[in-house]
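Everything on this sheet refers to the single structure shown next.
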Amino acid sequence: MTVHENSVRVYLQGLDEGTRAVVLALRAAVREIVPDVEETVLWGGLSYHSPWIGGRVKGAVCQMTARGGDVRLEFIHGIRLADPAGLLRGDPSRNATSRCDRRPTQAGTRSSI
């Protein structure tokens, strides 16, 4: 087990059952949509980036944060995302966030990622 895999395991174990279920569903969707994405724990959440593009900021795909029972799927490059369903919130000049309070659908996650 790599250091990143261990830190992800520890992060997931620290979540309550309901929050973990949402995070695991989002995690599965991200890994299905972008199978070669790298997963790390960063800034208190799960971070996904494409290493062939750049590091965890330049190559950022998304980040999941879970705080107080609220799970958010965040996009540092949110200004570049089409949002035809109006799911994203945040500062449209730089980032976007989608609050995930139930199991995500692949279609909704795919449209954001």
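The values are calculated or read from the model by the stated rules, or taken from the named source; none is laboratory data. Computed from a predicted structure; not experimentally measured. Cβ: placed from backbone, ideal geometry, glycine included. Neighbour counts: every protein chain shown. The protein model used for the area step is the full one, side chains on, heavy atoms only, and it has no ligands, DNA or RNA in it. Shrake-Rupley method; radii C 1.70, N 1.55, O 1.52, S 1.80 Å.
At-a-glance table
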| quantity | calculated |
| --- | --- |
| Residues (closer than 13 Å to LEU46 by Cα and of a type in the set (Ser, Thr, Tyr)) located in the range 1-18 | SER7, TYR11 |
| Selected residue (criterion: least open to solvent (accessible area, probe 1.4 Å)) from residues of the range 32-83 that are modelled with pLDDT of 80 or more, farther than 23 Å from GLN13 by Cβ and assigned to a loop (DSSP other than H, G, I, E, B) | VAL34 |
| Residue match in the range 9-23 (condition: surrounded by fewer than 16 Cβ atoms within 10 Å (Cβ to Cβ) and within 22 Å of ILE76 (Cα to Cα)) | no |
| Residue within the range 30-44 that is under 18 Å from LEU73 (Cβ atoms), out of contact with any Leu (no Cβ under 8 Å at 6 or more places or on another chain) and of a type in the set (Ser, Thr, Tyr) present | no |
